[in-house]
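S.K.: Let me give you the structure first, and then I'll get to my questions.
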Amino acid sequence: MVELHNVKIKYPTGDGIENVTLKIGPGEIVFLVGPSGAGKSTVLKTIYMEERPVEGHVSVGEYNSLFIRKKDIPYLRRRLGVVFQDFKLLNDRDVFKNVSFVLEVIGAKSKDIKKRVLRSLADVGLSHKSRKYPAELSGGEQQRVAIARAIVNEPYLLLADEPTGNLDPDTTAGIMEIFERINARGTAIMIATHNYELVKKYRGRIIRIEKGKIL
Amino acid sequence: MKLLYSIKEAFAGFSRARFSFFISVFAISFLLFLIGIFGMITLNVDHLIDVLHARVDIQVFISNIYDDTQIARLGSTLSALPEVESVEFISKDAAAREFQKEFGEELFSILEDNPLPSSFIVKLREKYRTETEVARVAQTVKNIPGVDDIEYQTGALSLLTRFSGIARFVNAILLVIVISGSVFVITNTIRLIIIAKQDIINTMRLVGATNSYISRPYLIEGIIQGLLGGLIASCLCWILIKGFNWRWPGVIFINMDYLYILIGGGLVIGWLSSLFAIRRYL
Ligand SMILES: Nc1ncnc2c1ncn2[C@@H]1O[C@H](COP(=O)(O)OP(=O)(O)OP(=O)(O)O)[C@@H](O)[C@H]1O
Ligand SMILES: [Mg+2]
């Protein structure tokens, strides 16, 4: 379903990742674990094609990094859900509109949008904050909005970059429960984290990365 | 639904660059108003030229010794010229009546005879009603036997024609200035909004928004700016025309359709500018 083959990314600073080969199958849960700066976010970026490999290639569903045209990238991203490490919420609109945005871009019906957004916000326990703006939320709440946005379109693959980084153990457990629930509905999940405790506690395949290389 | 979203976004964009937006609309209004005024001047001059054109004719004075048959023959000769549209005969008596109307009766109280010659008013076909053509035809006519003298006037016409040429030239230059000025201010406003929203735009891309989806609000923004500018300019022109007509009724000629051109022009300029800004900055 998703495959990285000998992927190399090189940032102008000289950092990056090299020789990264991995696979994610349908319905899998995968932890990408490694210390800060290891290249976890970079791996995820190659999957939603924000970074293009200088060597090797990435295939995501029907798309391949070697052949994909720029105008197809939005369509690839619509099939994925991404929880960004820095959340990347749209700070000019409220929580509801942040989540509904991904359905607006695909032209969903407004009745449908409402139902799905409310469902998704309920999943992360933020129904009561629908009309708040991102700036009015705590870090953990913003993170949950990012999660709600990532799952609202029922992606076949959810990429979560440090999704529990700002959360206390209780909320973390709640989030992991959400992930397991949507995984049960068939969504594959890749969680990038440096939190080895998390990895130990929950089931899932583990991929270790250090200094830009898979161990 | 989608369009509604884009329009809402467009208005949200203005609040982000309100100052720039007002400057932009103000500038476009002013520029289009300028074009409006010069356009009106050109239209009026052209209209006047048309009116004068229609009046261009050559008066051909007939030799006093010609009798009626000779005059009739001369008339057909003139009519047969390819440049001539119509020939009208003014008899000695008719000329005298005209003269009397203008100067009173003194002439006839002094002279027994009618000293005024009979004449033809020769009207040329449309395309020959220019200074050079009239002069050329006049020369030809003058050499026809039986023609004593000729008279024609093209002075005002040639002056106006020259002025019209200048007006057109000024208009063309003005048009270039107005269009580039408007494009500049609209593009700049949209650029500012895009810069202010750079992070948001990047995020939109990351969650699957296409460029055309992202750019639609900016397109609408540009159109609104241009349209508002056009509306204000045409209102100003309308007030100007009404005021002028009220003060000096009937002096200027204007076709009010002209105002729609300003509005449409504003719209098109706005649309093209935002297309340009999107290409350039998004
Ligand atoms: N846009 C960039 N330009 C230059 N260097 C970058 C860029 N993004 C990441 N890097 C560098 O690439 C390396 C890998 O970064 P990456 O963000 O993938 O690490 P990470 O494993 O996600 O770390 P963390 O756990 O802190 O999020 C780091 O050394 C980082 O400094
Ligand atoms: Mg990271």
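S.K.: Once the Cα atoms of helix B:92-103 and of chain B are each reduced to a long axis, what angle between those two axes, in degrees from 0 to 90 to the nearest 10, is obtained?
M.R.: 60 degrees
S.K.: So how strong a dipole does chain B carry about its Cα centre when Lys and Arg Cβ are +1 and Asp and Glu Cβ are -1, to the nearest 20 debye?
M.R.: 2880 debye
S.K.: Go through A:183-190, B:48-55 and give me the packing order, highest mean Cβ count within 10 Å leading.
M.R.: A:183-190, B:48-55
S.K.: While we're here: So what's Rg/Rh here for segment A:79-118, counting alpha carbon atoms and using the Kirkwood radius for Rh?
M.R.: Expressed as Rg/Rh, it is 0.97.
S.K.: Continuing with the same structure: Nearest 20 debye, what's the magnitude of the dipole of segment B:57-152 about its Cα centre given +1 on Lys and Arg Cβ and -1 on Asp and Glu Cβ?
M.R.: 480 debye
S.K.: So which residues of segment A:96-143 lose at least 40 Å² of accessible area, probe 1.4 Å, when you go from the chain by itself to every protein chain present?
M.R.: Residues of segment A:96-143 that lose at least 40 Å² of accessible area once the other chains are added: A:101, A:104, A:105.
S.K.: Give the Rg (one decimal place) followed by the Dmax (whole number) of segment B:57-152, computed from C-alpha coordinates and expressed in Å.
M.R.: When restricted to the Cα atoms of segment B:57-152, Rg and Dmax are 14.3, 44 Å.
S.K.: Ignoring ligands, DNA and RNA, please state the percent of accessible area on chain A from carbon and sulfur, probe 1.4 Å.
M.R.: Answer for chain A: carbon and sulfur cover 48 percent of the accessible area.
S.K.: Is it possible to state the helix-based mean residue ellipticity at 222 nm for the protein assembly as shown, with each DSSP H run of 4+ residues giving -39500 (n - 2.57), the sum divided by total residues, to the nearest 500 deg cm²/dmol? What is it?
M.R.: Helix-only estimate at 222 nm: -19000 deg cm²/dmol.
S.K.: Leaving out ligands, DNA and RNA, what percent of the accessible area of chain B is carbon and sulfur, probe 1.4 Å?
M.R.: 64 percent
S.K.: Report, in degrees rounded to the nearest 10, the 0 to 90 angle that the Cα long axis of helix A:139-151 makes with the longest principal axis of chain A.
M.R.: Result, in degrees: 80.
S.K.: Which parts of segment B:187-214, residue by residue, lose 50 Å² or more of accessible area when the rest of the protein chains are there, as against the chain isolated (1.4 Å probe)?
M.R.: B:200, B:203, B:206, B:207, B:208, B:210, B:213
S.K.: Also, quick follow-up: Quote the relative contact order of segment B:57-152 in percent (integer), defining contacts as alpha-carbon pairs under 8 Å separated by 6+ residues.
M.R.: In percent, rounded to a whole number, it is 50.
S.K.: Now for a different question. Just the number please: accessible area per residue for the protein assembly as shown, 1.4 Å probe, all protein chains included, in Å².
M.R.: About 52 Å² of surface per residue is accessible.
S.K.: Would you work out the relative contact order for segment A:47-152, in percent, from Cα pairs under 8 angstrom that are 6 or more residues apart?
M.R.: It comes to 32 percent, rounded to a whole number.
S.K.: Something else about it: Chain pair B, A: how much accessible area is buried, both chains summed, with a 1.4 Å probe, in Å² to 100?
M.R.: The buried area between B and A, both sides summed, comes to about 1600 Å².
S.K.: Relative to 2.2 N^0.38 Å, what does the C-alpha radius of gyration of segment B:188-282 come to as a ratio? Two decimals please.
M.R.: Against the compact-globule rule of thumb, the ratio is 1.53.
S.K.: Can you give the FRET efficiency to the nearest 0.05 for residue A:211 and residue A:131, using r as the Cβ-Cβ distance and R₀ = 51 Å?
M.R.: So, using R0 = 51 Å, E works out to roughly 0.70.
S.K.: Another one. Using a Gaussian network model of chain A with C-alpha springs under 10 Å, which one of A:45, A:201, A:23 is most mobile by mean-square fluctuation?
M.R.: Of A:45, A:201, A:23, the Gaussian network model singles out A:201 as fluctuating most.
S.K.: Residues of segment A:55-89 with backbone nitrogen within less than 14 Å of a virtual label 7 Å along the Cα-to-Cβ line of residue A:166, please, listed as ranges.
M.R.: Once the point is set 7 Å along Cα→Cβ of residue A:166, A:83-89 turn out to lie under 14 Å by backbone N, inside segment A:55-89.
S.K.: Give me the distance between the Cα centres of segment B:233-276 and segment B:110-173, rounded to whole Å.
M.R.: 36 Å
S.K.: Between residue B:11 and residue A:52, what's the calculated FRET efficiency when r is the beta-carbon distance and R0 is 35 Å? Round to 0.05.
M.R.: With R0 = 35 Å, the Cβ-Cβ based efficiency is 0.45.
S.K.: Let me ask another. Tell me the volume per residue, in Å³, of the convex hull enclosing the alpha carbons of the protein assembly as shown.
M.R.: About 220 Å³ per residue, rounded to a whole number.
S.K.: Turning to a different aspect of this structure: Can you list residues whose amide H is under 5 Å from residue A:27's amide H, if they're 5+ apart or on another chain and H is modeled 1.01 Å from N?
M.R.: Here the answer is A:188, since their amide H atoms fall under 5 Å of that of residue A:27.
S.K.: Say R0 is 56 Å: what FRET efficiency, to the nearest 0.05, do residue B:211 and residue B:163 get from their beta-carbon distance?
M.R.: 0.65
S.K.: Each label point is 7 Å from the Cα along the Cα-to-Cβ direction; what then is the distance between the points at residue B:37 and residue B:255, in nm?
M.R.: Modelled inter-label distance: 2.4 nm.
S.K.: Near the amide H of residue A:192, under 5 Å away, which other amide H atoms are found, from residues 5 or more places off or on another chain, if H is placed in the peptide plane?
M.R.: A:32, A:160, A:161, A:162
S.K.: May I ask which of A:8/A:45; A:23/A:213; A:45/A:132; A:23/A:71 have a Cα-Cα span longer than 19 Å here?
M.R.: Checking Cα-Cα distances, A:45/A:132; A:23/A:71 exceed 19 Å.
S.K.: On the full set of protein chains, 1.4 Å probe, figure out the accessible area of residue B:77 and give it in Å² to the nearest 10.
M.R.: It works out to around 60 Å².
The values are calculated or read from the model by the stated rules, or taken from the named source; none is laboratory data. Keep in mind that what you see is a predicted model, and the values were worked out from it rather than measured. Reconstructed Cβ throughout: ideal geometry from the backbone, glycine too, with neighbour counts over all protein chains shown. These area figures cover heavy atoms from the full protein model, side chains too; ligands, DNA and RNA do not enter into them. Shrake-Rupley method; radii C 1.70, N 1.55, O 1.52, S 1.80 Å.
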